[in-house]
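One structure below.
The values are calculated or read from the model by the stated rules, or taken from the named source; none is laboratory data. Keep in mind that what you see is a predicted model, and the values were worked out from it rather than measured. Cβ placement follows ideal geometry from the backbone for every residue including glycine, while neighbour counts extend to all protein chains displayed.
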Protein chains: 2
Amino acid sequence: MVGNCLSLSDEHRGKLSRMQQLIVQKFGGTSLATAEKIHRAARRAVRAKRDGYRVVLVVSAMGDTTNRLISLARDMSADPPKREMDVLLTTGEQVSIALMAMAIDAAGHQAISLTAAQLGMFTDSAHTRARIQRINRERLDRELETGRIVIVAGFQGIDATGEITTMGRGASDTTATALAAALGAEVCEIYTDVDGVYTADPRLVPQATKIDEISYEVMLEMAAAGAGVMHSRAIEFGKKFDVPIHVRSSLTDAKGTMIMEETPGMEDIVVQGVTLKEDLAVVSLNAVPNKTGVAAQIFAEVARNQILVDDIVQNIYGHGKLANLGFSTNASDAAEARIVCERLAEEMDIGSVVVDEGVSKVSAIGVGMRTHSGIAAKMFEAVAKAEINIENISTSEIVTSVIVRSEDGPKALRFIHDAFELDKRNESSPSE
Amino acid sequence: MVGNCLSLSDEHRGKLSRMQQLIVQKFGGTSLATAEKIHRAARRAVRAKRDGYRVVLVVSAMGDTTNRLISLARDMSADPPKREMDVLLTTGEQVSIALMAMAIDAAGHQAISLTAAQLGMFTDSAHTRARIQRINRERLDRELETGRIVIVAGFQGIDATGEITTMGRGASDTTATALAAALGAEVCEIYTDVDGVYTADPRLVPQATKIDEISYEVMLEMAAAGAGVMHSRAIEFGKKFDVPIHVRSSLTDAKGTMIMEETPGMEDIVVQGVTLKEDLAVVSLNAVPNKTGVAAQIFAEVARNQILVDDIVQNIYGHGKLANLGFSTNASDAAEARIVCERLAEEMDIGSVVVDEGVSKVSAIGVGMRTHSGIAAKMFEAVAKAEINIENISTSEIVTSVIVRSEDGPKALRFIHDAFELDKRNESSPSE
């Protein structure tokens, strides 16, 4: 057990074990926007390969390719068939996999690109929003066995009949974490143009700091509450299959943010991040007869009209006979929501319907909320200090949200960020 | 047998028979370069459908897409793997099929796009120059059965293992004629930015006239001799399976050029077209010992070095003991050809090797040559009248070619065009 000997032996063992280890690296569109950026990503993959890892790359479409393709589609039809949208959009990722394979080949390493059809990335048949059902490992394993770096087209799938599907904007993250889960990867690295997940959007809160470690759960709530860092379904895959997700910069070697299982240290931080979700509307149904099944009936009708519901709050009054029922929705759904709810009001003897557009939601998120009290009060104080009126409040186990006028959103965000001292370094396991 | 009655009945019968008839329409890149052009092509397909035809569309990549993709590949690697080139380039046609399906849908007709993999367009595995081996009719028939317009991606295929292949630049023509052959189409329409095949390239010979009808054989020779109108393999498919090919403008409804089986009338026209093939070099091996197998040995070595051979001419002299052996090749292969031939000269006791770069080939083509004499003489006279020196001559059954200095090519072309009066309307079946 002599130090030097042990450390050598450990290193050796580490190398051996890494020989079996697999890493998934995902590069987003901004990290592939130019030839030089693709070469840089290729070099990074080759380095991981030379470090002894088996390497699977997942790539998005280059730069603004997807937007360009969508605009081509709009020139064809105001309402293009979803099946054909998927045939169109998947070409963006197919271009990227081919170019990446060429760049890796030029860097002196064997690589092979695989489309969803070639890989066997099976989804359901819901065009433009398909969900992964099964990943065929056979081709992947065979290519990895030969020592190749395998490059997989993100965002795309095929259904059981060979139809081309896509999984929604940003779904290359999901491709990456699903592959990492299926292959038992040591880590899924998400390379992007920011160097990690921040306590708040740095464009709105210049004092925001990078988060070193965050639990899947907090990250999921942050994504749902407006943090645009990662596709929610990708985080769900990471959580379900316990794949650590490392969100990091494609421009540097600095450590980014590790999304991982909750550690005991994380509870010490009351609030880990604050988010702003803009372009919302609040629909309030006032004097709703408080009978069994009323809410179910209302939200079934809302869902049937494909109106997206964000948060729901309900208060009871009038000796429990009446309720005020409010929900937030996207501003773009507000007009439709008003029509649906006014029809319901008539049918169901509801007092009135008020639609409040031009509002935003500010949320504070952290697992520490479970064990710490007074978080909501501290948050409301911060908003009051900013001289901003709170319109609605909703809370859940690890999230506290307030609805404010849109114009007040960024200011509320800054004051809450300040109140929880998020400008201080945000580490889940502070050294004692 | 009253006129009116008969004509009605004929029309009815025509309609019925057309119900069974199938038409393949192929749109090239220039005919799909803008949204408006795609809509125009879509309307044309819908019109054919409403006229009672079953319709299969074959589309190329939009405008200069393929060149743009090739330039992206060059940014990755000086010598990108051919497999990945195919993965890259096939995205161009995939974009087109999706957009075309959307445009047809917007025009009020059902359509479905099919990639090579979805259709089952099987080729061999020779990436970037694959050849069609088998077309699976099952999916095509099923979609046509439902009344849909089927849109197929040109240029692309898959091999037996699902690898993506391409069939060479311009091969969407081949996709179209192969499909027309497989489906027993009445006609394969090739829509392009010119209104047919001309007696000569109108950019070089302003007096050139459109050819109304041309045989597969003459068209094949014209393509081989430099006419860039159609992919040779496409014409071969037409010939082999007797599918008439109608080359016509995507901008008008005017009749274009029908490529078809030779008719008796065609022989009346001695020369149907003249072509210019530029950027050639002539390699001459002088004083070659004239022994059995010498030519075979030389051209085996030339082929082994992947030097493309255009025409070959050989003369014998010195009481049959020596030969002068010349062949034309692409100027880009000239340097390599010189190295190979000088090595051969040393090994085989050949007198000398002369490589003459900067030459062009001018050819006159027509089935009438078979039965008419004096064609070659008339052609040489025309070149002499232009005061141009002829360097080499080669003739075959329906082609007479001369090699001239590059700078003289266009002038020789014009004088030959003039000598055969090709500025007069070129019809294979002139009304008596």
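The number of residues in the stretch B:43-78 that are in contact with a strand residue (DSSP E or B) (Cβ under 8 Å, 6 or more places away or on another chain) and either over 20 Å from B:Gly184 (Cα atoms) or not basic (Lys, Arg) (or both) comes to 11. Looking at B:Gly168, is it of a type outside the set (A, V, I, L, M), buried (at least 21 other Cβ atoms within 10 Å of the Cβ), on the phi > 0 side of the Ramachandran plot and away from chain A (no Cβ under 14 Å)? Answer is no for this residue.
Would you check if there is a residue in the stretch B:107-127 being touching a residue at least 60 places away in the same chain (Cβ under 8 Å), over 22 Å from the mean Cα position of the chain (by Cα) and within 7 Å of chain A (Cβ to nearest Cβ)? No, the conditions are met nowhere in the stretch B:107-127. Scanning the stretch A:367-393 for residues being touching a residue at least 60 places away in the same chain (Cβ under 8 Å) and not in a helix (DSSP H, G or I) gives a total of 5. The condition (being within 21 Å of the chain's Cα centre (by Cα) and of a type in the set (A, V, I, L, M, F, W, C)) is satisfied by just one residue among A:Ala160, A:Ala181: A:Ala181. B:Ile259 passes every criterion in (1) at pLDDT 95 or above; (2) more than 14 Å from the chain's Cα centre (by Cα); (3) not hydroxyl-bearing (Ser, Thr, Tyr) apart from (2). Please count how many residues of the stretch B:257-315 are crowded, with 21+ Cβ neighbours inside 10 Å and assigned to a strand (DSSP E or B). Of the residues in the stretch B:257-315, 15 are crowded, with 21+ Cβ neighbours inside 10 Å and assigned to a strand (DSSP E or B).
Close Cβ contacts (under 9 Å, 6 or more residues apart or on different chains) running from residues in the stretch B:31-53 that are over 19 Å from B:Glu143 (Cα atoms) to residues that are in a helix (DSSP H, G or I) and among the charged types (D, E, K, R) comprise B:Ser31/B:Lys37; B:Ser31/B:Arg40; B:Thr34/A:Asp75; B:Ala35/A:Asp75; B:Glu36/A:Asp75; B:Ile38/A:Asp75; B:His39/A:Asp75. For the stretch B:225-256, residues that are basic (Lys, Arg) and part of a strand (DSSP E or B) total 1.
Applying the selection to the stretch B:358-375, what residues are small (Gly, Ala, Ser) and loosely packed, with under 15 Cβ neighbours inside 10 Å? Of everything in the stretch B:358-375, those that are small (Gly, Ala, Ser) and loosely packed, with under 15 Cβ neighbours inside 10 Å turn out to be B:Gly358, B:Ser373, B:Gly374. Restricting attention to the stretch B:331-354, which residues are in a strand (DSSP E or B) and surrounded by fewer than 16 Cβ atoms within 10 Å (Cβ to Cβ)? B:Ser352, B:Val354 - these are the residues of the stretch B:331-354 that are in a strand (DSSP E or B) and surrounded by fewer than 16 Cβ atoms within 10 Å (Cβ to Cβ). The set of residues in the stretch B:38-53 being crowded, with 21+ Cβ neighbours inside 10 Å and within 12 Å of chain A (Cβ to nearest Cβ) consists of B:Ile38, B:Ala41, B:Ala42.
Restricting the stretch B:99-150 to residues that are at positive phi and of a type in the set (Gly, Ala, Ser) leaves a set whose member that is surrounded by the fewest Cβ atoms within 10 Å (Cβ to Cβ) is B:Gly108. Would you confirm, using the coordinates I've provided, whether B:Gln156 is free of Cβ contacts under 8 Å to residues at least 60 places away in the same chain and within 14 Å of another protein chain (Cβ to nearest Cβ)? Against the criterion (free of Cβ contacts under 8 Å to residues at least 60 places away in the same chain and within 14 Å of another protein chain (Cβ to nearest Cβ)), B:Gln156 does not qualify. Against the condition in contact with a helix residue (DSSP H, G or I) (Cβ under 8 Å, 6 or more places away or on another chain) and modelled with pLDDT of 95 or more, how does A:Ala48 come out, does it pass? Criteria not met by A:Ala48.
All conditions in (1) closer than 18 Å to A:Leu57 by Cβ; (2) in contact with an Asp or Glu (Cβ under 7 Å, 6 or more places away or on another chain) hold for A:Gln133, with the sole exception of (1).
The residues on offer are B:Val56, B:Val95, and the sole one that is in contact with a Leu (Cβ under 7 Å, 6 or more places away or on another chain) and either at the interface with another protein chain (Cβ under 10 Å from one of its Cβ atoms) or surrounded by fewer than 22 Cβ atoms within 10 Å (Cβ to Cβ) (or both) is B:Val95. For A:Met222, the conditions (1) of a type in the set (A, V, I, L, M); (2) in a helix (DSSP H, G or I); (3) out of contact with any strand residue (DSSP E or B) (no Cβ under 7 Å at 6 or more places or on another chain) are fulfilled apart from (3).
Is it the case, given these coordinates, that B:Leu89 is crowded, with 19+ Cβ neighbours inside 10 Å, facing chain A (nearest Cβ under 9 Å), within 22 Å of the chain's Cα centre (by Cα) and hydrophobic (A, V, I, L, M, F, W, C)? Criteria met by B:Leu89. Looking across the stretch B:394-432, the residues that are at pLDDT 90 or above and assigned to a strand (DSSP E or B) come down to B:Val399, B:Thr400, B:Ser401, B:Val402, B:Ile403, B:Val404, B:Arg405. Residue count for the stretch A:62-86 satisfying the condition of being at the interface with chain B (Cβ under 10 Å from one of its Cβ atoms), within 18 Å of A:Ala130 (Cβ to Cβ) and within 24 Å of the chain's Cα centre (by Cα): 3.
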